[in-house]
């Protein structure tokens, strides 16, 4: 969980940093003059963007490598830079010292941030070697370092615009680190999908596709109030005879065909479970209206005939015994008592079908 949280924060801070540095780069272009005609305001915005970009950059790099939340160096730097940003802003607003006369403090924060970035990379190499993440960050660090150097040279030499190399360096950094961050996010999504798949497989009966006994027991354990719930239980007549005389392949086909019938009739009212070799049940939630079991059993008998034709197994008599019971808060201590009452009716149905 800590690893997933760190990655989420890394994406957030990287996105924030990318937006800030993108806005700053845009502010340095001719296009910015069309958006902001007053160049004093544009210059002020540029200083402020530079001033605040160090904190999200450090946080992004710390979390990008799943750094610990109690990382002293990053926390101290972020706190120091935040205080410095506040002091510079107050000094500018009060007229003590304008941004353009204190820009070297901003540049110092950016240089320290880059040094921190390099330190994180060295530590990562020492622990994990030159993995994919390190290689991507080395490319990003080189591009960003070149961009910073070019921009500082351009600024202190009095150039009006940052050199094209500087902007390309920023672009390379954002593309490389952005691609790596998004790729890792997709890997986590795939891992989550696999985990969900394996979890689903753990509670699913592979032969029939319905939920297994473990899933039924989990539902019983997690459900505290059974009021309004009912259960229909099922048992397949003649399955042993089918296995002994027609083979287990015919028996498996009999089971699968019967489950399709149960799901078609009862599945729309609740989840179906295989709780034994030829025993199944459906938990029905009918809090709003009473469940008409007689009508559904009648449908069951009609579809049995179609199943015999579908299977085409000579001598097979498809019979699905069914029992039904509603949870009674007065008599049932738990849902197992309800299932026991449904089982009794199901065995009565089983004996009645055999006599027919």
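Can you pull out the residues in the range 230-244 that are surrounded by 15 or more Cβ atoms within 10 Å (Cβ to Cβ) and assigned to a helix (DSSP H, G or I)? Break it down stepwise before answering.
Of the residues in the range 230-244, the ones surrounded by 15 or more Cβ atoms within 10 Å (Cβ to Cβ) are 230-239, 242-243.
Listed by number, the residues that qualify are 239, 242, 243.
Residues in the range 289-305 that are under 13 Å from residue 232 (Cα atoms), within 40 Å of the chain's Cα centre (by Cα) and surrounded by fewer than 16 Cβ atoms within 10 Å (Cβ to Cβ): 292 only.
Yes/no per residue for (1) surrounded by 15 or more Cβ atoms within 10 Å (Cβ to Cβ); (2) out of contact with any helix residue (DSSP H, G or I) (no Cβ under 7 Å at 6 or more places or on another chain); (3) under 22 Å from residue 314 (Cβ atoms):
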| position | (1), (2), (3) |
| --- | --- |
| 246 | yes, yes, yes |
| 250 | yes, no, yes |
| 260 | yes, yes, yes |
| 265 | yes, no, no |
| 270 | yes, yes, no |
| 277 | no, yes, no |
| 280 | yes, no, no |
| 287 | no, yes, no |
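The selection criterion, being modelled with pLDDT of 85 or more, crowded, with 21+ Cβ neighbours inside 10 Å and in a helix (DSSP H, G or I), does not hold for residue 80.
Counting only helices (runs of 4 or more DSSP H) wholly contained in the range 1-71, the ones carrying 3 or more residues that are modelled with pLDDT of 75 or more and out of contact with any strand residue (DSSP E or B) (no Cβ under 8 Å at 6 or more places or on another chain) occupy 2-27, 39-52, 54-64. For residue 308, are the conditions met, namely being loosely packed, with under 13 Cβ neighbours inside 10 Å, at negative phi, in a helix (DSSP H, G or I) and at pLDDT below 95? So residue 308 fails the test. Just one of (1) buried (at least 16 other Cβ atoms within 10 Å of the Cβ); (2) within 24 Å of residue 81 (Cα to Cα); (3) at pLDDT below 80 fails for residue 156. It is (1). Taking the stated definitions as given, is residue 254 more than 19 Å from residue 307 (Cα to Cα) and either in a strand (DSSP E or B) or touching a residue at least 12 places away in the same chain (Cβ under 8 Å) (or both)? Considered against the rule, which asks whether it is more than 19 Å from residue 307 (Cα to Cα) and either in a strand (DSSP E or B) or touching a residue at least 12 places away in the same chain (Cβ under 8 Å) (or both), residue 254 comes out as no.
The values are calculated or read from the model by the stated rules, or taken from the named source; none is laboratory data. What you see is a predicted model; the values in this text were computed from it and never measured. Don't worry about glycine lacking a Cβ; one is built from the backbone with ideal geometry, like all the others, and counts go over all protein chains shown.
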